[in-house]
1. What does the highest-first list of 382-391, 26-35 look like by mean Cβ count within 10 Å?
2. Could you calculate the contour length gain from ASP38 to GLU26, that is, 0.36 nm times the residue separation minus the distance between their Cα atoms, to one decimal place in nm?
3. Can you tell me the accessible area per residue over the range 333-405, all protein chains present, probe 1.4 angstrom, in square angstrom?
4. Run down the lysines and flag those whose C-alpha is under 22 Å from the C-alpha of LYS113, throwing out any fewer than 8 positions away in its chain.
5. For the range 109-164, report the accessible area per residue in Å² (1.4 Å probe, heavy atoms, rounded to an integer).
6. Per residue, what volume in Å³ does the Cα convex hull of the range 304-405 take up?
7. Considering only the other residues whose Cβ falls under 14 Å of the Cβ of LEU117, what net charge follows from Lys and Arg at +1 and Asp and Glu at -1?
8. List the residues whose amide H sits under 5 Å from the amide H of SER178, counting only those 5 or more places along or on another chain, with H placed 1.01 Å from N in the peptide plane.
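The values are calculated or read from the model by the stated rules, or taken from the named source; none is laboratory data. Since the structure is predicted, the reported quantities are computational estimates derived from the model, not experimental observations. With ideal geometry, Cβ positions are generated from the backbone for all residues, glycine too; neighbour counts draw on all protein chains shown. These area figures cover heavy atoms from the full protein model, side chains too; ligands, DNA and RNA do not enter into them. Shrake-Rupley method; radii C 1.70, N 1.55, O 1.52, S 1.80 Å.
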Amino acid sequence: MNIDYPPEVAEFRTEVRAFLGRELPEGWAGLGSLGEDDARSFTAWWRTRLAESGYLTPSWPREYGGAGLTRLQQVVLAEEFARAGVPANGKNDVFSIKMIGNLLLRHGTEEQKRRFLPRIVSGEDRWCQGFSEPGAGSDLAGLRTRARLDGDTWVIDGQKIWTSDARTANWIFMLVRSDPGAPRHRGITMLLVPMDQPGITIRPIAMLTGGDNFNEVFFDGARTARENVVIGPGEGWKAAMALLGLERGDEAATNPILFRAEVDRLIALATERGRNHDDAVRDELVRAYTRAEIMRYLGMRTLSGWLKGEVPGRDASISKLYWSEHHRQTTDLALDLLGADALAPTGRWPIRHYRADDPDAPNSSASWVGTWMTAISGTIYAGASEIQRNILAESVLGLPKEPRP
């Protein structure tokens, strides 16, 4: 495999670095060097600069507020942002841009694109995702939230859970059962629903990490317009699968950078604790380093396919399983190194509530304990490790399907 970038990429990389040099404050040391309040303020300000430059939605056409970049340019942009320690988006943008925005760009009607995409870029519309339910988490086809047509309006009743950032969203894209008599995967519809209406109740879920972005959402006669359907009535499963197959090139580029930086912090922690000469600890550090390097090459393989227009498919399952299990093992070692200090953490807690803490974050016990708690959930959200292993066993290895009740 040729892991070198083509020569024309160097010019764009220089352009991105010049943008960062102009826009970032003097002496910028990365988001991880800021306290929580300052980091939130910076992220909100930085999002406006990205929106104005088109870098907030780099792959989108300019007519919708994007930069019209090629896939390779998007990879370079993601790499340079990760190395500079700046966020690539703002609050709710993973759901607003990466998920529903990209889905509408590919499968939405022209009216939906004109209506929603500019408001996503401006931040006027902030989205959350309504998939999981108390009885339908990994088994998404078992969802029970229902929607029925009442003239030109869908009426929705049911409950969603683990809805991240629901309280800061004013729209939700959600899966509902619109035809109870149809087979499990065929009677589902994806609806676009405004959140600011009387028929919706949001209740926060207290998290062990201290975060408050998880919520449960109740629908009691909530309504949305008939045309607020993605792809079409009864096509919700198709829409969901299209959503899961959206671009992962940025993750393939940035995950190795973030997790390698975390391993470097782990080695520094072992040195600070005087454990870097312990043979058992050194063995575990080598394993963590090796896993991070393997992740880099897995990312290159995914990037190669993505740049050719391939749908991630099994690579997505391999990547999700690999980084989440690596992260849990890495943070387990960090807590072993902290010893009793992990029971009474001090210092700056992680600002991120998923994956690694920011590369420039202080090497505090609170940073590692908070990240360890998040790492445990990483093997569950976005497809549990057990589900990913089943997918790979059945679709790659050709093993018999998991018995179904």
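1. 382-391, 26-35
2. Here the answer is 2.8 nm.
3. Dividing the accessible area of the range 333-405 by its residue count gives 53 Å².
4. Partners found: LYS91, LYS98, LYS238.
5. With the other protein chains kept in place, the range 109-164 gives 47 Å² per residue.
6. 144
7. Charge balance near LEU117 sits at +2.
8. ALA147, ILE188, THR189
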